[in-house]
1. Which of Lys187/Lys274; Lys108/Lys191; Lys114/Lys191; Lys69/Lys131; Lys267/Lys293; Lys114/Lys182 have a Cα-Cα distance over 20 Å?
2. Gaussian network model of the chain, Cα springs within a sub-10 Å range: biggest mean-square fluctuation belongs to which of Asp245, Asp82, Asp66?
3. Please report the antiparallel percentage of DSSP beta bridges with both residues in segment 2-140, rounded to the nearest 5.
4. So for the chain, taking the charge dipole from beta-carbon charges (+1 Lys/Arg, -1 Asp/Glu), which of Gly107, Leu162, Leu318 sits furthest toward the positive end?
5. Given the Cα-Cα distance of Asp128 and Lys293 and 0.36 nm per residue of separation, how much length would full extension add, in nm?
6. How much length is gained if the chain between Asp359 and Leu284 is pulled fully straight, taking 0.36 nm per residue apart and subtracting their Cα-Cα distance, in nm to one decimal?
7. In a shell of Cβ-Cβ distance under 10 Å around Val303, excluding Val303 itself, what net charge do Lys and Arg (+1) and Asp and Glu (-1) give?
8. How would His133, His42, His373 line up from fewest to most surrounding beta-carbon atoms within 10 angstrom?
Amino acid sequence: MSTDTANPTVNSRTVNVAIVGGGLMGREIAAAIQRWPALIDHPVQPRLTAVADINRAALKWFDAIDSVKTRVTDYHDLLGDDSIDVVYVAVRHDLHEQIYTDVIAAGKSLLAEKPFGIDAAAAAAILDAAKAHPTSFVRCSSEMPFYPGAQWAINYIRSGALGTIIEARNSFLHSSDIDPNKPLNWKRQNKYCGNAGVLNDLGMHTWHVPLRLGWAPERVYGVLQNIVTERPGPDGTLVPCDTWDNAVIHSWSRHDGVRFPLTTETKRIDPGHKNTWTFEALGLEGGVRFSTKNPKLVEVFTVAPVAGIGTEQTWQQLDAGSQSVWPTVTGPNFESGFSDSILQMWAAFLAEREGLLGDRFGTVRPEEAALSHTIYEAAMASNETGTAVDL
């Protein structure tokens, strides 16, 4: 690693990053790294230097980034490159275990896509690899909680302002599969996506915050739906689409020792939603909720004095602004968006890698990713039997 003197206000270290998987999320991460100057006094300066993808056409997109000097079709070619410090991986779920463990064994730090293995056994193998190579800093990608409004809500709960928790909900909602004629792809096939279906694909978004707040479920009841059971294959012929489209998990959890119901919703078919992340919690002394549908709005529940009436229950609205985990040059009154949350996720990941994140919100730990698979398996068992399952 070298010292970057471009910013005289911070002695930041340059970290060379490689991407494995040059698709949608690989390009999003590349774009986020190019926006790094938006961060103020960050201790790390990432530089994207290499990309691997089995599809040579996907590599062409990265030609516009001058720092990318290496473009290969075999990720193994990157693992022996001593100049690469961090690897981001976004590939099919069935490829996670092999690639993730290879990256870790090569001594590279890893930020990789959920679900961290196609199933619980794969996640356990990745976790074992991380334990066996402690110099490799390993985390799972989950960007939605890095919206400023989400961070405001999380910090409000941590402050104790809600008192005894009554109930909480975290949802990630799509309508991306509402068209039954949408062609089949790997995310709609269990052999590639995993038996947990939509939970594997998107479920970490709904469990990152609850698990980080210490709300690991004790008992779950799963309600899962495979709504569109066939989709057009490559030649237009209908073929089985065997993954779960929607999953609702009702669970019992605890906050400060008090049991409360926690619901998570993960849906690919929820009309009216394109990419909506929602979090809310209610307590005896207050409540808070936030949704990316209105990224500037946070709602806070209080019992407040009202002139001439006494006290009344009220939902108050406030603007969250632009600032999240790491300060940016963006004015605090501006709105934040999806690309900003990815930038904040990387800022948190690299700061924590340096041991400088402090008590700020961090990316998903391997242990949390592994626990999510346990939750998914319990939810699937519950859905099959129609009974709640203890964890």
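The numbers here are math on the coordinates, done by the rules we state, and not lab data. Being a predicted model, the structure only gives us computed values, none of them experimental. Heads up, the Cβs are rebuilt from the backbone with ideal geometry, glycines too, and the neighbour counts pull from every protein chain shown.
1. Working: Lys187/Lys274 17 Å; Lys108/Lys191 28 Å; Lys114/Lys191 16 Å; Lys69/Lys131 32 Å; Lys267/Lys293 15 Å; Lys114/Lys182 23 Å.
Where the Cα-Cα span goes over 20 Å, the pairs concerned are Lys108/Lys191; Lys69/Lys131; Lys114/Lys182.
2. Judging by the Gaussian network model, the answer is Asp66.
3. Numbers: 3 of 25 bridges.
In segment 2-140, DSSP labels about 10 percent of beta bridges as antiparallel.
4. Leu318
5. Values: separation 165, 0.36 × 165 = 59.40 nm, distance 3.81 nm.
Length gained between Asp128 and Lys293: 55.6 nm.
6. On the way: separation 75, 0.36 × 75 = 27.00 nm, distance 2.64 nm.
Roughly 24.4 nm would be gained on extension.
7. Working: positive: none; negative: Glu285, Glu312.
Result for the neighbourhood of Val303: -2.
8. On the way: His133 18, His42 22, His373 25.
Ranked by crowding around the Cβ, least crowded first: His133, His42, His373.
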